[in-house]
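Peer 1: Have a look at this one before I ask anything.
The values are calculated or read from the model by the stated rules, or taken from the named source; none is laboratory data. Only a predicted model underlies this, so the values are computations on that prediction, with no experimental measurement involved. Here the Cβ positions follow ideal geometry from the backbone for every residue, glycine too, while neighbour counts run over all protein chains shown.
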Amino acid sequence: MALRILITTDYLHPGDAVDQLLCDHGLEPVYSPFRGPRPFEERRALFDGVSGAIVASEPVTADMLADAASLKVIARSGVGYDSIDLPAAVASGVRVCNAPGTNHHSVAEFTIGLIIMAARRLSEVTTAVRQRRWPREAGHELRGSTLGIIGYGPSGRATANLGVALGMNVLVTTRHPDPDNTAILFTGLDTVIRGADYLSLHTRAGQHTGPLIDALRLEAMKPSSILINTARGSLVDEEALAKALHDGTIAGAALDVLQSEPLPGDSPLRGLDNVLITSHLAGQTAQARTRAGLAAAQAVIDVLESREPAHPVDP
């Protein structure tokens, strides 16, 4: 009997390239796409009878893993894996892998898109035109402004390079600077936060105690600055951000990731005109989805065929 592979990533479907790859290796894909929080009993039974799983950003908790007797591997069809209880997976003997290097260009392009939307107030303008108004307020050029980047992994590096190409002054804080890239100034975290007109987050969760961007760091930003987060929702204190946006501590924010997704109805970010929120789309191009899905499938295959996967994240 073929080993069953659960696929919860909502953009993967029967008959696609991922499905075909798994079938070619004698595996049986089964689908249960994640479209929002599942009832408790469904969550507990999600991994019953499956040997591997390909997941997107769906939370994978200790109680879900407790009875997953046949599960050998979980592969993220993306980069971040903070939605997976990694210690619980390790304790259960479940390998955990991700798919780095598959969507960083998509994330970088989306980040710059958010910056342009904020600089030119495109969301407000298009909404006004639909309402039969014709706004003519001035926006801001990116050339000559300062792009601050926290983190210099693949998406941070790609975003920095796009900023340079647009004529922006680019400041980066990272543990791994690139001294050969003289177009970028590598400096400390506080300098980046204070100097940025556009502050973009590209660092991992778990490297900081509490949110990276809290009330104190929001206070340190320019009153005219814009915060952009396409990395991890847990990096930003959303209550502090909502207050900073309401009080004019910073000019605006553009968020593609949130502490809880979809955005809760009672979120303090709702009702604010100076925040742009998108639905976790930065890495979601057709090309990136294909690359990420195939990388995740290959990780599942490698583990089940007793090979070391290319990108394990378990210790």
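Peer 1: Which is without any contact (Cβ under 8 Å) to a residue 12 or more places away in the chain, hydrophobic (A, V, I, L, M, F, W, C) and more than 30 Å from S77 (Cα to Cα), of L245, L272, L185, L216?
Peer 2: L216
Peer 1: Would you be able to tell me the number of residues in the stretch 166-187 that are farther than 12 Å from T146 by Cβ and polar (S, T, N, Q)?
Peer 2: Count: 4.
Peer 1: Filter the stretch 54-86 for residues that are among the aliphatic types (A, V, I, L, M), in contact (Cβ under 8 Å) with a residue 60 or more places away in the chain and assigned to a loop (DSSP other than H, G, I, E, B) and give the result.
Peer 2: Answer for the stretch 54-86, where residues must be among the aliphatic types (A, V, I, L, M), in contact (Cβ under 8 Å) with a residue 60 or more places away in the chain and assigned to a loop (DSSP other than H, G, I, E, B): just V79.
Peer 1: Mind checking which residues of the stretch 275-292 are under 12 Å from I228 (Cα atoms) and either in contact with a helix residue (DSSP H, G or I) (Cβ under 9 Å, 6 or more places away or on another chain) or without any contact (Cβ under 8 Å) to a residue 12 or more places away in the chain (or both)?
Peer 2: Once the filter is applied, which keeps residues that are under 12 Å from I228 (Cα atoms) and either in contact with a helix residue (DSSP H, G or I) (Cβ under 9 Å, 6 or more places away or on another chain) or without any contact (Cβ under 8 Å) to a residue 12 or more places away in the chain (or both), the stretch 275-292 yields V275, L276, T278, A282.
Peer 1: Say whether the condition of being at pLDDT below 95, over 24 Å from the mean Cα position of the chain (by Cα), in the same structural domain as L258 (by TED's automatic domain parsing) and surrounded by fewer than 15 Cβ atoms within 10 Å (Cβ to Cβ) is met by at least one residue in the stretch 211-226.
Peer 2: Looking for residues that are at pLDDT below 95, over 24 Å from the mean Cα position of the chain (by Cα), in the same structural domain as L258 (by TED's automatic domain parsing) and surrounded by fewer than 15 Cβ atoms within 10 Å (Cβ to Cβ), one finds none in the stretch 211-226, hence no.
Peer 1: Which condition number does S234 fail, the rest of (1) under 19 Å from S155 (Cα atoms); (2) modelled with pLDDT of 95 or more; (3) among the hydroxyl-bearing types (S, T, Y) being met?
Peer 2: It is condition (2) that S234 fails.
Peer 1: For the stretch 183-205, name all the residues that are buried (at least 16 other Cβ atoms within 10 Å of the Cβ), in a helix (DSSP H, G or I) and β-branched (V, I, T).
Peer 2: Residues satisfying the conditions are V192, I193.
Peer 1: Any residue at all in the stretch 267-278 that is assigned by TED's automatic domain parsing to the domain that holds I116 and modelled with pLDDT under 95?
Peer 2: Within the stretch 267-278, one or more residues are assigned by TED's automatic domain parsing to the domain that holds I116 and modelled with pLDDT under 95.
Peer 1: Let me ask another. Using the structure shown, decide if R157 is in contact (Cβ under 8 Å) with a residue 40 or more places away in the chain, farther than 18 Å from D256 by Cα, part of a helix (DSSP H, G or I) and basic (K, R).
Peer 2: yes
Peer 1: Do we have S51 as touching a residue at least 60 places away in the same chain (Cβ under 8 Å) and more than 25 Å from the chain's Cα centre (by Cα) here?
Peer 2: It is true that S51 is touching a residue at least 60 places away in the same chain (Cβ under 8 Å) and more than 25 Å from the chain's Cα centre (by Cα).
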